[in-house]
Every structure is written in structure tokens, then in C-alpha cells.
Amino acid sequence: MQTSYDLHTHSTASDGTLAPAALVRAAVESGVTVLALTDHDTLEGLVEAGEEARALGISLIPGVEISVSWNNRTIHMLGLSVDLEATDLQLGLAGLREFRDSRAVKIGERLEKYGISGAYEGALALSNGRLVSRTHFARYLVQQGHVADVRKVFKKFLVPGKPGHVKGEWADLQSAIGWVKQAGGIAVIAHPARYGMTRTVLRRLLADFKEAGGEGLEVVSGSHSYDEALTMGRYANEFKLMASSGSDFHSPENAWSRLGHLPELPMGCRPVWDFWQQH
Ligand code: AMP
Ligand code: MN
Ligand code: MN
Ligand code: MN
């Protein structure tokens, strides 16, 4: 059987809509043979996903998508093939979830001032007692009929300059890379074309990342156009970073991030999966 990788996905452990086991089943149905579950700032879903993957005979790479503050911006960094028991990673992620809890209260207060009541309680209920994300606020506002769809909620309320925005205070890049490496994993910059960075700023990020021990770049992403993948493939080669590929799947309703169905890595890229084949 042909190998088909999807190394960036979410479950209900963060802001996805499928439970970890259901995500694994959906991946099998989409023909994925190597799946990484990479929930935001938590390892919570990985045991359940691992059990289902073993039962169904697909390979599950334990992963995480870490929120990072770098030069006053939020960026996302994947840790792939991490040890679930690694203490630094566990403690680091717990700190980020604490920030999420206090941020959620503030987002609720800001929306309240804007005339939208009950958003904090609503988002918390949708997060089901697990990690709370801006996506839960967005879903709640859509459910309540305030805005037509999740994307519009972000645009209107949840991004910098808008009434419900709270500045991220996430991990610094060096710490996040350290946690992943101490956990035996590989650090990968997620969806690099999504940050709206100029070439100069992106180069600075990649240089900092490389210097701090980062090893991978998500060249192919469900949120990249093919041209963006080609551009990121060139950056990966320039900075001697391994190339990763993932859909950023959150839910079956979201057409831009279907499971699997990713284009091949651009020519000349060195795939991240070579990394764990050698270990
Ligand atoms: P958080 O980590 O809680 O700040 O939320 C970030 C998450 O919100 C991302 O991982 C995406 O899933 C989602 N998100 C961010 N921007 C948008 C957008 N413009 N439209 C829809 N979802 C978004
Ligand atoms: Mn998300
Ligand atoms: Mn992301
Ligand atoms: Mn993601």
C-alpha cells in the first residue's frame, strides 16, 4: 500500500470537532497511513488516538501544535514524534493552557462590553471542559446568530484591532524548541505562508528558528496554495530545514482542510519522515 502522510490535524482535545478516535477512523477512510495528531497546546488526545490507530493498523505520530510569541507576533510550531511523558513539554504546555483560561475570561469581558453577553460561558460549554480556544468563541457567536460564519467572527471580533482581541502571551521560540527536543521530537514551523510576513521577516524567523535548533518547515499545508508550497520548499532548502506536510484538519465541514489529499512535497525537499525512520 502507498504511504500517505498527514502530519497536522486537530481533535476535540483542542479546537477540532472529531474525538481523537473518530479522527483516526476518518483518516483511515481518507487513505492516510501515517497520521500526526497535533492539537493546540495539549497532549490530551494522544492516548485515545494511539489506541484507535493500533486497532486499525495505521501509524500515529504523537504531536502537538505549540502557540509561540515571537517578535510581538503569534506563530505556531509543531512538535512531531514527541514523548508523552516528557516533563518539560508537559509543564510548558500546562503554562500555555493557564494563559488560555485567563485569556478566555478577558475575551468574554471585552465582548460583554461590546454588547455580546454570555460568550465566556458559551465558549467554555462548547470546549467541553477541555482547552478553550478562540474557535470556541467563534462557534458560539455563530450559534447565537451574531455572525454568519466562523471566519467572519474572527475578522470582526477576534483578530488584532478588533473588540474581542486579547494579545497572546505564549511560549518563546527557544523554550518551545527546547521542550520538543527534550521530548525527542522534531520542531516544525507550521503553515509559514499564513502569517502574512514579508520575506525579510520570514527570513528572520527561519534564521532564529534554525539557530535555536529547529529542524522542520511545513511546506505543504491545507492552508497553502501550491505556489506557496513551492516558495516554502525553496525556503526549506535555503535554511536546510526538513519539509513537512499536513492538512490542518479541524472538522469535516471545513472544505479547505480535508484529511489527507495533500500534494507531494516539491522536488528537492527532504521529508521530515526521514527523521523518524532514522531513529
Ligand atoms: P487560539 O489558538 O485559541 O488563539 O485560536 C487559533 C485558532 O483559531 C487557529 O488554530 C484556527 O483554528 C482558528 N483561526 C484562526 N484564524 C482564523 C480565521 N481567520 N478563520 C477561522 N479560523 C481561524
Ligand atoms: Mn485551530
Ligand atoms: Mn495553526
Ligand atoms: Mn493547526
Total charge of the residues flanking L80 in space, meaning their Cβ is under 11 Å from its Cβ, with Lys and Arg +1 and Asp and Glu -1, is -3
Per the helix-only model, the chain has a calculated mean residue ellipticity at 222 nm (DSSP H runs of ≥4, -39500 (n - 2.57) each, divided over all residues, rounded to the nearest 500) of -12000 deg cm²/dmol
Stretched fully, the stretch from N254 through D208 gains (0.36 nm per residue minus C-alpha distance, one decimal, in nm) 13.3 nm
P(r) of the chain over all Cα-Cα pairs, 5 Å bins starting at 0, rounded to whole percent, reads 1, 6, 13, 17, 19, 18, 14, 8, 3, 1, 0, 0
So, with points 7 Å from each Cα along the Cβ direction, the S30-D83 label distance in nm works out to 3.1
Ranked output for segments 123-130, 6-13, 77-84 by mean other Cβ atoms within 10 Å, highest leading, reads 6-13, 77-84, 123-130
Reduced to Cα centres, the span from region 133-194 to region 89-112 in Å works out to 11
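Using the Kyte-Doolittle scale, find the helices of the chain whose mean hydropathy is at least 1.6 and whose Cα atoms extend 20 Å or more along the helix's long axis, counting only whole DSSP H runs.
In the chain, no H run is both long and hydrophobic enough.
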The farthest towards the positive end of the charge dipole of the chain, of the residues M197, L7, F249, given +1 on Cβ of Lys and Arg and -1 on Cβ of Asp and Glu, is M197
If unit charges are put on Cβ atoms (+1 for Lys and Arg, -1 for Asp and Glu) and the dipole of region 139-183 is taken about its Cα centre, the option from V159, L141, I177 lying farthest towards the positive end turns out to be L141
Within the under-12-Å Cβ sphere about R203, not counting R203, Lys/Arg +1 and Asp/Glu -1 give a net charge of +2
Which of S244, S67, S223 fluctuates most in a GNM of the chain (C-alpha springs under 10 Å)? That residue is S223
Here the FRET efficiency for L230 versus E121, based on Cβ atoms and R0 = 45 Å and rounded to 0.05, is 0.50
Final fewest-first order of M267, M197, M232, M1 on the 10 Å Cβ neighbour count is M1, M267, M197, M232
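Laboratory data are not the source of any read-out in this text; all were calculated from the coordinates shown. A quick note: this is a predicted structure, and the numbers were derived from the prediction, not measured. Note that we place each Cβ from the backbone using ideal geometry, even for glycine, and neighbour counts take in every protein chain shown.
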